[in-house]
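Here the structure comes first, spelled out in structure tokens, and everything after it is commentary.
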Amino acid sequence: MRQILCDIFLFFQRDLWIASTYRSPFILEAIEALFGAAMFYYVARFVDSPALRDALPQGKTYFAYSLAGFVFFDYLNAALDTFDRSLQEARDAGTLEPLLVTQVSLPVILIGSAFYPFVATTLRIAVYLGWAAVLFDFPLHAANWPAVFGVLLTTLLAFAGLGVLSAAYLLLFKRGNPAKWFILGVSSVAGGMLFPVTILPPWLQLVARLNPVTYAMDAMRGALLDGRGILALARPLLILLAIGAILLPTSVLIFSWALRRTKITGTLTHR
Amino acid sequence: MPDHAIVLDSLEKWFPPALGGWRAYLQPFRPPTSPALRGIFLKVRQGEAVALLGANGAGKTTLLRILATLLLPTSGTASLAGHDTAREPAAVRRQIGYHAGSDQGFCARLSGRQNLRFFGRLNHLSDRIIAARIETLGERFGLGEALDRQARALSSGTIQRLSLIRALLHQPRVLLLDEPTRSLDAIAAADFRHFLKTEVLARTDTSLLFASHTMQEIELLADRVAILDEGKLLAFDTPTALRARTLSSSLEEAFARLTGRHLYSAAESTPE
């Protein structure tokens, strides 16, 4: 186990070295986050309406609601995107084959390569929320931080399986990420990212209830905006854990099969 | 310790046809119809150097990739240091150093040294050992300050040398090299062959299986030569025995006679 953690850290260190070779990426991202937070603030002031206020949770502004949804969506995007993107980058750079003949297994290579993007996404979200709290009165003081991190970790476990499935798809079909397309596409409407699902027509509300993203969004807003603790969020967290318990082992099995398949067809490193 | 570093037993590899576009989606699991290796029996002894010689598409790279656990055989078995490449890939990877012959394979924005350190650590070497070996091998391969330049700024020959150092860094028991001197200049290539001969093969128990089109390289390094043609092993013997068997004055001529290919066909067909 210690060796696996060391191997994962090596990938993090490599990606940190690579990121540090680019000029001022962190400064540009911080400025981008400032403009993003400002955009949400002014859009929220513009779209404020009695109907929307009725649909929002008690005492919440649309700015806080939509920004929390947006930054959390960024995290989901990372969970769904990172595994197949790391695989694709390694394949395109020609490093996949040399990595595969080292003493590190492909699942560890994937997890290791995904580690830095997750840390970077977490930092980006922190900067976003920091700007929003300092300049636009985002209610960061209300957050229950242990619960926020609990929700992030649970969401990561629940959706990482879909990320691994995307990586398996990439191994077999070389391009495309249908899990990301489907989940993020459906969730942008029926996931509660920018508006409460209660304003949707009944059939879309049913889709939202079947969509795991809705539960993750509810849990995150509960922890971040309402300051609810882990126990108060037990229901959505248990649903997410159940999704993870089914998806993760299934996706690892499918990924192993896809890997074996590409070793049979000789297309492991094909683009 | 097994007597043989590599054992191939009726090894076959067939590939499915490459389809693109919608046909690939409609027939994602096509049966293999293109033979790459057919019924190969071959044994490489501990400490032995064996060259794979064959025309393009003869199956040399496929054979090396099966041994490097990057491909699965269709039938038959390939074992390395007593471990089956299909069933015990992790154990096989602990024994090998693999050079793919490509001039890619490094993180473009990291220096040569950072790249080597990263791959060395993935082979579970300590930082101290990696640093010492990078210094020794870097000096031996004439890399000098190139080690501290980003990989994207290095020539293909320098990348090739880095790749060879990466294959040697963890001092593997079996070296698998695919055209190791392809992008090297004449002096660097000669130097590398000398290094392999005097410092890897002569001083250690390392076994070497390499693919090459350079007869001089094969003559210098190989104890035995495996001649492949269209996936079949036509002959496997010492260079001297191959020449004697085919009544040839050179290995090149022996290769041409065994494969039925004509030497100098381009020159002969040139109009006078």
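The values are calculated or read from the model by the stated rules, or taken from the named source; none is laboratory data. Remember, it's a predicted structure, so these values are computed and weren't measured experimentally. Note that each Cβ is placed from the backbone with ideal geometry, even for glycine, and that neighbours are counted across all protein chains shown.
At-a-glance table
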{"quantity": "Residue match in segment A:11-27 (condition: among the aliphatic types (A, V, I, L, M), free of Cβ contacts under 8 Å to residues at least 24 places away in the same chain and part of a helix (DSSP H, G or I))", "calculated": "yes"}
{"quantity": "Spans of strands (runs of 3 or more DSSP E) in segment B:1-97 with at least 2 residues hydroxyl-bearing (Ser, Thr, Tyr) and in contact (Cβ under 8 Å) with a residue 24 or more places away in the chain", "calculated": "B:75-80"}
{"quantity": "Single residue of B:Ser34, B:Ser111 found to be among the polar types (S, T, N, Q) and surrounded by fewer than 18 Cβ atoms within 10 Å (Cβ to Cβ)", "calculated": "B:Ser34"}
{"quantity": "Restricting segment B:42-78 to residues that are more than 29 Å from B:Ala254 (Cβ to Cβ) and hydroxyl-bearing (Ser, Thr, Tyr), the residue that is surrounded by the fewest Cβ atoms within 10 Å (Cβ to Cβ)", "calculated": "B:Ser75"}
{"quantity": "Within segment B:58-82, tally of residues that are within 13 Å of chain A (Cβ to nearest Cβ) and not aliphatic (A, V, I, L, M)", "calculated": "8"}
{"quantity": "Residue check, B:His213 in a loop (DSSP other than H, G, I, E, B) and closer than 16 Å to B:Leu52 by Cα", "calculated": "yes"}
{"quantity": "Listing of helices (runs of 4 or more DSSP H) fully contained in segment A:32-117 that carry 2 or more residues being aliphatic (A, V, I, L, M) and within 14 Å of chain B (Cβ to nearest Cβ)", "calculated": "A:62-93, A:96-100"}
{"quantity": "Some residue of segment B:160-177 being away from chain A (no Cβ under 14 Å), out of contact with any Pro (no Cβ under 7 Å at 6 or more places or on another chain) and among the hydrophobic types (A, V, I, L, M, F, W, C)", "calculated": "no"}
{"quantity": "Of the criteria (1) surrounded by 17 or more Cβ atoms within 10 Å (Cβ to Cβ); (2) in contact (Cβ under 8 Å) with a residue 60 or more places away in the chain; (3) closer than 25 Å to A:Phe26 by Cβ, which one A:Gly222 fails", "calculated": "(3)"}
{"quantity": "Odd one out for B:Gly39, checked against (1) out of contact with any helix residue (DSSP H, G or I) (no Cβ under 7 Å at 6 or more places or on another chain); (2) surrounded by 22 or more Cβ atoms within 10 Å (Cβ to Cβ)", "calculated": "(2)"}
{"quantity": "Counted residues, segment A:175-219 - those being without any contact (Cβ under 8 Å) to a residue 24 or more places away in the chain, on the phi < 0 side of the Ramachandran plot and assigned to a loop (DSSP other than H, G, I, E, B)", "calculated": "3"}
{"quantity": "Residue within segment A:244-257 that is of a type outside the set (Val, Ile, Thr), under 17 Å from B:Ala86 (Cβ atoms) and more than 9 Å from chain B (Cβ to nearest Cβ) present", "calculated": "yes"}
{"quantity": "Residue identified as modelled with pLDDT under 90 and closer than 17 Å to A:Arg14 by Cβ among B:Gly105, B:Gly120, B:Gly144", "calculated": "B:Gly105"}
